[in-house]
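A.B. asks: Okay, handing you the structure first.
The values are calculated or read from the model by the stated rules, or taken from the named source; none is laboratory data. All of these numbers come straight from a predicted model, not from anything done at the bench. With ideal geometry, Cβ positions are generated from the backbone for all residues, glycine too; neighbour counts draw on all protein chains shown. Surface accessibility is based on the protein's heavy atoms, side chains included, excluding ligands, DNA and RNA. Shrake-Rupley method; radii C 1.70, N 1.55, O 1.52, S 1.80 Å.
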Amino acid sequence: MAIALLPVISRIAGALSIPAAAMFFGNLAAQMIAWFAAKVTKQAAINLTIIILVIGLAASVAAGIYALLAGISYLTPPFLSDAFSFFVPNNAIPCFSACVSARFIRWVWEWQVYSIMKVAGV
């Protein structure tokens, strides 16, 4: 009776080799996608952190400059603010604060890149 089962067992083994290979390649592809997603997620988190830092610092510098100029405007004569409005554009303060904050964040990134990478685990 065992001899009669040998052809059936060999056919079952042949039929099961294709799903096993498909499962192997599927598992391999899933592991590669998971590794790539983890790598991209860490880099995206670092990039979003830097963007948020630049936007937050730019907004706070602009608010500080506006507050400083509002305080100074009470001490200066009214014609001085009119004179400055002739050659200083309306968007000068946001542009200046964005430039200053971007340079500051770049300086922090260049000099503190080791600590940021160490904390992020990259």
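A.B. asks: Carbon and sulfur together cover what percent of the accessible area of the range 46-94 at a 1.4 Å probe radius?
C.D. replies: Carbon and sulfur: 78 percent of the exposed surface of the range 46-94.
A.B. asks: For the range 13-122, what does the alpha-carbon gyration tensor say about shape, rounded, prolate or oblate, given a ≥ b ≥ c as the root eigenvalues, a/c under 1.5 as rounded, and a/b over b/c as prolate? The partial results should precede the final answer.
C.D. replies: Working: a/c = 6.50, a/b = 3.84, b/c = 1.69.
Prolate.
A.B. asks: Highest first, please rank the peptides 54-65, 84-95 by the mean number of other Cβ atoms sitting within 10 Å of their residues. Can you show the working numbers first?
C.D. replies: Numbers: 54-65: 15.3, 84-95: 10.7.
Those peptides, ordered most packed to least, come out 54-65, 84-95.
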